[in-house]
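Notes for the one structure printed next.
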Amino acid sequence: MKKITDILLALTLATLALTAISCEENEPEITGIEPFFRIKFINQDSISTLNDSIAIINAELEAIADSLVVIDTLENRDEDADFSENKEALNAYKKLLNEDKTELNAIITLINSGKVQVTSVRAQNGIATLVYEDSLSLYRLPLNTNADFSRFIVTIDDQEYSLDAYYTREIREEERYVVIKAYDFNIPDYTQFDSLKISQRDSTNFSSNEATATAYF
């Protein structure tokens with residue numbers, strides 16, 4: 001009788017152990033991944049300066065085109081007239097201007113890509129200061145999971161800029177993982193930046209993870 005009791009006890013313990021393991025396997029895990037948003041920085045002041053330079057070049061090119069038309073008219077009126085040196089000089093200058101214009105447009109394209117050297121990003125919510133050694137086109141900033149607000153101090157060329165992000169936190173279970181999501185994401189307040197806009201793929205609940213902010217300075 002004792003042997004039967006021992007066997008039943010052993011089976012019961014084994015069943016309990018298997019049940020515990022099964023519960024452990026089904027229990028969702030916390031990912032530890034914070035909600036975030038992406039941001040790019042555009043040096044709008046530099047673009048404006050470059051566009052002014054391109055406008056000056058375009059005016060010079062128009063003046064050269066007008067001069068070449070006048071020379072052609074004079075040559076048609078007088079077959080003995082020789083303006084070849086003038087035309088060569090104007091065309092050489094035109095070539096230099098177009099090369100400068102191409103270079104300036106390339107710089108504008110680079111700036112518009114958002115590739116900027118950000119020195120650091122300091123979050124006023126306990127998140128460690130992020131320091132960057134290389135320039136990037138897109139920066140990924142983590143949000144504070146303990147509040148519905150995150151303030152960031154961005155340093156670019158020794159100039160400090162700030163931006164305040166607001167959102168609504170939600171804890172969700174996805175594929176056996178517990179994750180924290182930030183919805184209704186917005187950045188209504190910022191300083192030193194000329195302007196800031198947000199593009200969202202998700203037009204329903206504005207998840208921060210799908211948001212890209214563009215800050216112009």
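The values are calculated or read from the model by the stated rules, or taken from the named source; none is laboratory data. These figures come from a predicted structure and were not determined experimentally. Heads up, the Cβs are rebuilt from the backbone with ideal geometry, glycines too, and the neighbour counts pull from every protein chain shown. These area figures cover heavy atoms from the full protein model, side chains too; ligands, DNA and RNA do not enter into them. Shrake-Rupley method; radii C 1.70, N 1.55, O 1.52, S 1.80 Å.
So, in the range 156-166, of the ones that are assigned to a strand (DSSP E or B) and more than 14 Å from Leu141 (Cα to Cα), which residue ends up most open to solvent (accessible area, probe 1.4 Å)?
It comes out as Glu160.
Taking interchain pairs and intrachain pairs at least six residues apart, which have beta carbon atoms under 7 angstrom, with the first residue in the range 158-181 and within 15 Å of Asp148 (Cβ to Cβ) and at pLDDT 90 or above and the second part of a strand (DSSP E or B) and β-branched (Val, Ile, Thr)?
Taking only residues 6 or more apart or on different chains, the pairs are Asp164/Ile187; Ala165/Ile187; Arg169/Ile180.
Residues in the range 88-117 that are open to solvent by less than 60 Å² (accessible area, probe 1.4 Å), at pLDDT below 90 and in a helix (DSSP H, G or I): how many?
The total comes to 1.
Any residue that is out of contact with any strand residue (DSSP E or B) (no Cβ under 6 Å at 6 or more places or on another chain) and either within 19 Å of Thr214 (Cα to Cα) or surrounded by 15 or more Cβ atoms within 10 Å (Cβ to Cβ) (or both) - is there at least one of those in the range 118-125?
Scanning the range 118-125, I find no residue that is out of contact with any strand residue (DSSP E or B) (no Cβ under 6 Å at 6 or more places or on another chain) and either within 19 Å of Thr214 (Cα to Cα) or surrounded by 15 or more Cβ atoms within 10 Å (Cβ to Cβ) (or both), so the answer is no.
Determine which single condition Thr145 fails, assuming it passes every other condition in (1) open to solvent by less than 50 Å² (accessible area, probe 1.4 Å); (2) of a type outside the set (A, V, I, L, M, F, W, C); (3) within 24 Å of Ile42 (Cα to Cα).
All conditions pass for Thr145, except number (3).
Looking only at the range 167-187, which residues are closer than 22 Å to Val118 by Cβ and surrounded by fewer than 16 Cβ atoms within 10 Å (Cβ to Cβ)?
Correct list: Asn186 only.
Just need a number here: residues in the range 188-216 that are in contact with a Ser or Thr (Cβ under 6 Å, 6 or more places away or on another chain), surrounded by 13 or more Cβ atoms within 10 Å (Cβ to Cβ) and over 15 Å from Pro35 (Cβ atoms).
Adding up the residues that qualify gives 1.
Are any residues in the range 132-142 open to solvent by 20 Å² or more (accessible area, probe 1.4 Å) and closer than 17 Å to Ser120 by Cβ, and if so, which ones? Break it down stepwise before answering.
First, the residues of the range 132-142 that are open to solvent by 20 Å² or more (accessible area, probe 1.4 Å): 132-138, 140, 142.
Correct list: Tyr132, Glu133, Asp134, Ser135, Leu136, Leu138, Arg140, Pro142.
Tell me yes or no: at least one residue of the range 55-78 is under 30 Å from Arg151 (Cα atoms) and either in the same structural domain as Gln192 (by TED's automatic domain parsing) or part of a helix (DSSP H, G or I) (or both).
Let us first name the residues in the range 55-78 that are under 30 Å from Arg151 (Cα atoms), namely none.
Checked against the condition, which is being under 30 Å from Arg151 (Cα atoms) and either in the same structural domain as Gln192 (by TED's automatic domain parsing) or part of a helix (DSSP H, G or I) (or both), the range 55-78 yields no hits at all.
Determine whether Glu79 is of a type outside the set (A, V, I, L, M), more than 46 Å from the chain's Cα centre (by Cα) and open to solvent by 80 Å² or more (accessible area, probe 1.4 Å).
So Glu79 fits the description; yes.
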